[in-house]
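The values are calculated or read from the model by the stated rules, or taken from the named source; none is laboratory data. Remember, it's a predicted structure, so these values are computed and weren't measured experimentally. A quick note on method: Cβ atoms are made from the backbone with ideal geometry, for glycine too, and the neighbour counts reach across all protein chains shown.
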């Protein structure tokens, strides 16, 4: 169980607050906001600031209207990331780690985003774009310059399962090929959690 006052506790109570602020504002407001958060959840200002600074998806300075986080994993580089990155920089007229002069586009490198089977991949305004190519980048950048909503930029086929529903509209493919020893239908939801609670003697 996470104990109040610990580093894990600081992240646990502040992270949801940062997520909400990040979705509503172009950046996490500076000193005043951190003081309010610190007093509200009763943790130190230093703990608030260290949580913000640890996660690079959060920012204390204004970010662009569209923020591109391009995966920089080994697999991404093997699958053609360099040309995709070059096209992003050419179309946005700025380098990775910076924002275009008009504040429209920000380009950032990021660590693995769990899309190694669908690289090169990027997160743009919290939506995942997979199997990127230089041509696909040009399509995305054209839509960005036209001010399209991020969900309307998907022009290729959507992913499988619920990913293709109107509520999700994601390009991500689940890539679950068959049910076997690891992926089985012979289970009861919640059993694993109950066993962990029993072993660790956790009181809820």
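Exactly one residue out of 106, 114 is closer than 19 Å to residue 139 by Cα and not assigned by TED's automatic domain parsing to the domain that holds residue 22, and it is 106. Of all residues in the stretch 113-135, those being free of Cβ contacts under 8 Å to residues at least 24 places away in the same chain and surrounded by 14 or more Cβ atoms within 10 Å (Cβ to Cβ) number 0.
Out of the residues in the stretch 117-151 that are modelled with pLDDT under 90 and touching a helix residue (DSSP H, G or I) at 6+ places or on another chain (Cβ under 7 Å), which is nearest to residue 92 (Cα to Cα)? The selected residue is 125. With respect to the conditions (1) at pLDDT below 95; (2) over 18 Å from the mean Cα position of the chain (by Cα); (3) farther than 25 Å from residue 24 by Cβ; (4) surrounded by 14 or more Cβ atoms within 10 Å (Cβ to Cβ), residue 155 falls short on a single one, namely (4).
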